[in-house]
Amino acid sequence: MPGFDLTTPGGRFRTYLDYLWNDHAYLRLGFENAHWVSPELVRTNQPWPFQLARWKKRGIKTIINLRGGFDASFHALEKDACERLGLKMVDFVITSREVPIKQRVLGARDLFASIEYPALMHCKSGADRAGIMSVFYRHFRLGEPIEVAMAELSLRYLHVKQGKTGVLDYVFVRYLAEGKPKGESFTEWVESDLYDPVSMKADFRAEWWGSALTEGLIRRE
């Protein structure tokens, strides 16, 4: 793992130090923002290795990392912990301020059909990327209507739809306005020419105070 050598005590210490400070992991020592989406899937913020061990004891078999961060300290520690604990780690990168491309939406559908459950899914804060992926899970895996599954994008999970992260909600708002009235399923709409991530992002307007909150005060990833 470039830059983070876990094979020596000194390297492991430096990795944890970077994780603690640069990834703001100290904020997550006692707060996991953990919520069960269903009996087989839980969404959380970035877990510490000791938290992964606790989830393993609770029956979790698969860890889904939504952040990417392949050269980051959190990824090095998470990968190492999963290998030691016998957990399957899956990287599925999604962003919090972009409309996901068609392949990413369909990839989420395929992901939830193929992983071993029970599973834990996380981003950094457990609010935005975990939120949109939970909507996909509830729609594709549980068969819930989009308007019901959208409850996963909520302030209850620390998601702020009034900021730039609200572009994730806007994806589903557009479907309910354009696709559903014509009788299209969400998948059919995503596969149609109407699904244009670039134009949808351009059309979305965040409220100034929401952006000040997500981009300035809490600096959401």
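Dipole magnitude of the stretch 9-217 about its Cα centre, charges +1 at Lys/Arg Cβ and -1 at Asp/Glu Cβ only, in debye to the nearest 20?
Working: 29 positive and 26 negative charges, 153 e Å.
Result for the stretch 9-217 is approximately 740 debye, rounded to the nearest 20.
Most exposed first by the Cβ proxy, i.e. fewest other Cβ within 10 Å, how do R156, R14, R220 rank?
Details: R156 12, R14 16, R220 21.
The order, fewest Cβ neighbours first, is R156, R14, R220.
With the cut-off at 26 Å, tell me which of the pairs K57/K88; K124/K161; K180/K201; K79/K161 have Cα atoms farther apart than that. K79/K161, as the Cα separations exceed 26 Å there.
How much FRET efficiency would the formula 1/(1 + (r/R0)^6) give for A113 and L155, where r is the Cβ-Cβ distance and R0 is 35 Å, rounded to 0.05? After rounding, the FRET efficiency stands at 0.70. D by Stokes-Einstein for the stretch 1-116, Kirkwood Rh over Cα pairs, 10 °C, 1.306 mPa s: 104 µm²/s. Backbone amide hydrogens, once placed in the peptide plane, bring V37 within less than 5 Å of V42, R43, excluding anything fewer than 5 places away on its chain.
Take every DSSP beta bridge whose two residues both sit in the chain; close to 20 percent of them are antiparallel.
Residue-wise HN-Hα couplings along the stretch 3-14, as the Karplus relation 6.51 cos²θ - 1.76 cosθ + 1.60 with θ = phi - 60° gives them from phi, are x, 9, 9, 9, 8, 10, x, x, x, 5, 4, 5 Hz; Gly and Pro carry x.
Given R₀ = 45 Å, what would the calculated FRET efficiency be for N22 paired with L194, taking r from the Cβ atoms and rounding to 0.05? Mind showing how you got there, number by number?
On the way: r = 41 Å, r/R0 = 0.90.
Computed FRET efficiency for N22 and L194: 0.65.
Remark on S154: its backbone amide H falls under 5 Å from those of H159, a criterion applied only to residues 5 or more positions apart or on other chains, H modelled at 1.01 Å from N.
Given an 8 Å cut-off on Cα distances and at least 6 residues of separation, report the relative contact order of the chain as a percent. Walk me through the numbers before you get to the answer.
On the way: 325 pairs, mean separation 42.3, N = 221.
This gives 19 percent for the chain.
In order along the stretch 46-59, the Karplus-derived 3J(HN,Hα) couplings, from 6.51 cos²θ - 1.76 cosθ + 1.60 at θ = phi - 60°, round to 4, x, 6, x, 5, 6, 4, 4, 5, 5, 4, 5, 8, x Hz, and Gly and Pro are given as x.
Can you give the translational diffusion coefficient of the chain in µm²/s, computed by Stokes-Einstein from the Kirkwood radius over Cα pairs at 4 °C and 1.567 mPa s? Please list the in-between numbers first.
On the way: Rh = 18.1 Å.
It comes out at roughly 71 µm²/s.
Couplings for the stretch 90-99, taken from phi via the Karplus curve 6.51 cos²θ - 1.76 cosθ + 1.60 with θ = phi - 60°, read 10, 9, 9, 7, 9, 10, 9, 10, 10, 6 Hz in order; Gly and Pro are left as x.
None of the figures in this text is laboratory data; all of them are computed from the coordinates on show. Given the structure is predicted, the values throughout are model-derived calculations rather than measurements. Backbone-built Cβ (ideal geometry, glycine too); neighbour counts: all protein chains shown.
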